[in-house]
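Heads up, the thing below is written out as structure tokens.
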Amino acid sequence: MVCDKGKGIAVKAGIIVNASAGKFGYIKKVISRLKEVFEEIVTGSGRFGGDFLEDVETIDVAFNDFKNAIGSLTVELSKRSDVIVSVGGDGTANLVAATIIDEGLDIPLMGIAGGTANVGPLIRFSFETVEKPSHVEFIDCLKVWKDEEHVGYAFVDAVFGDTFLGTLNGGMVNLSVEDFLKSGKKVPKKPRDDVVKKLEVLKNGKEVPLRSRRVAQVVASPLNSSTFYIGKAATGILSWASFLESRGILVLSSRVIVDSHVSESDLNEPVLVEQILFGEETIEIKGFDRSVYLVLDGNPVCECDRPIKLEGLRNCVKVVTKGQSCDWPVGWKT
């Protein structure tokens, strides 16, 4: 196994670079450091790595659809490497991890921060802290369907709204999901704060009574490291999550939480939050207004014009870590 700590064994890394990642300008300057960490490197051709790493093995990538290109490259790299290294943000790592799950690949994922936020459990390293793999742990996730169609996974969160966080002109902004899905363009947009018509939440087909009068945003997350919340009563029912063996949480918020424009004035009014824990149950959510979309780990996915279903999965992906009790979120540190 690659991650036998302290053995100093040679590691061949299969590297995937997202040239559209939020901090790609920085990535280009420092990516050569990876040649000091790994004895051998294989990467995708062109913008997927070959343009930025000299004198390494490359695999030709047909770039027609970004998601499919990442998927096919992940499969090919898994045949020729000991670890898949994702250089980008949470969204990039999400696509790699989704392929590992769907294709049943037995290979660890190593995430290096280069995106807008870099807050999820798949990303454990920055270019300043990257080191040869020595520890792995299994990560949980949410599997997501639109009606009966499987549309992806959430390792950080599944967000229901009309914007997603991205980088534009060097800064973090809210971008229009609709414009991005239709044309691929990054168009700044103020997030709407009225996303539901008549929200319904069902747990294994049984309706959950809701008390929120106003819902500005809905967010669901898997509960990796749920023991962190033990004894922290201020986090609400999250403090019970570990005892109840919960796999995920659904949150209804009176204010948009995934927002790049939070200021001190926002502290003047309370934010009302309704929390729903779930374990092995399937959660179904419906009743969203028109032009409300699903965003998985920062990746715009689809409109929520049909019911969205969530299921918590245990031990989905092996992730390379620093071997510390808490080495995420990495965030953005340069």
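Quick note: the coordinates plus some simple rules give every number you see, no bench work behind them. Being a predicted model, the structure only gives us computed values, none of them experimental. Cβ: placed from backbone, ideal geometry, glycine included. Neighbour counts: every protein chain shown.
For the reader, a short list of remarks on this structure follows.
- Note on LYS190 and ALA19: with the Förster distance fixed at 35 Å, the Cβ-Cβ geometry gives a FRET efficiency of about 0.80.
- Inter-label distance for SER225 and LEU181, nm, one decimal - labels placed 7 Å from Cα along Cα-to-Cβ: 3.1
- If the chain linking SER242 and ASN68 were pulled fully straight, counting 0.36 nm for each residue of separation and taking away their Cα-Cα distance, it would gain 59.0 nm.
- Given their separation in residues at 0.36 nm each and the Cα-Cα distance between them, LYS29 and ARG290 gain 89.7 nm when the chain is fully extended.
- Inter-centroid distance (Cα atoms) of the range 240-308 relative to the range 103-118, Å: 23
- The chain - mean residue ellipticity at 222 nm from DSSP helices (-39,500 (n - 2.57) per run, n ≥ 4, rounded to 500): -4000 deg cm²/dmol
- Rounded tilt (10° steps) of 66-80 against the dominant C-alpha axis of the chain: 40
- Cα-Cα over 22 Å, subset of LYS146/LYS286; LYS29/LYS190; LYS79/LYS318; LYS12/LYS143; LYS23/LYS189; LYS28/LYS322: LYS29/LYS190; LYS12/LYS143; LYS28/LYS322
- About its Cα centre, the range 145-314 has a charge dipole of approximately 180 debye under the convention of +1 per Lys or Arg Cβ and -1 per Asp or Glu Cβ, with nothing else charged.
- Residue list for the range 235-275, given a label point 7 angstrom along the Cα-to-Cβ vector of ARG214 and an amide N cut-off under 19 Å: 251-275
- Computed P(r) (all Cα pairs; the range 1-142; 10 Å bins; percent): 12, 48, 36, 4, 0
- 0 to 90° range, to nearest 10: angle between helix 90-102 axis and the chain longest Cα axis: 80
- Dipole magnitude for the chain: computed about the Cα centre from +1 point charges on Lys and Arg Cβ and -1 point charges on Asp and Glu Cβ, it is near 540 debye.
- Fraction of the pair-distance distribution of the range 112-233 above 21 Å, Cα-Cα pairs, percent: 58
- Computed log₁₀ I(q)/I(0) - Debye formula, equal Cα scatterers, no solvent, the range 177-234, q 0.13, 0.18, 0.19 Å⁻¹: -0.66, -0.98, -1.01
- At most 14 other Cβ within 10 Å, DSSP loop - GluC sites (Glu not before Pro), the range 116-224: GLU128, GLU131, GLU148
- Restricting the GluC sites (Glu not before Pro) of the range 15-91 to loop positions (DSSP other than H, G, I, E, B) with no more than 15 neighbouring Cβ atoms within 10 Å leaves GLU39, GLU54.
- Based on Cα atoms of the chain, Rg over Rh with Rh as the Kirkwood radius reads 0.96.
- Using a Gaussian network model of the chain in which every pair of alpha carbons under 10 angstrom is joined by a spring, one finds that among ALA21, ALA62, ALA113 the greatest mean-square fluctuation is at ALA62.
- Kirkwood-based Rg to Rh ratio, the range 145-314, C-alpha trace: 0.95
- Exposed loop positions in the chain were taken to be chymotrypsin sites (Phe, Trp or Tyr not before Pro) whose DSSP state is not H, G, I, E or B and which have at most 16 other beta-carbon atoms within 10 angstrom. Between these positions, the longest stretch is 64-242.
- Loop-located trypsin sites (Lys or Arg not before Pro) across the range 32-140 with a Cβ neighbour count of 10 or fewer within 10 Å are lacking, with loop assigned by DSSP.
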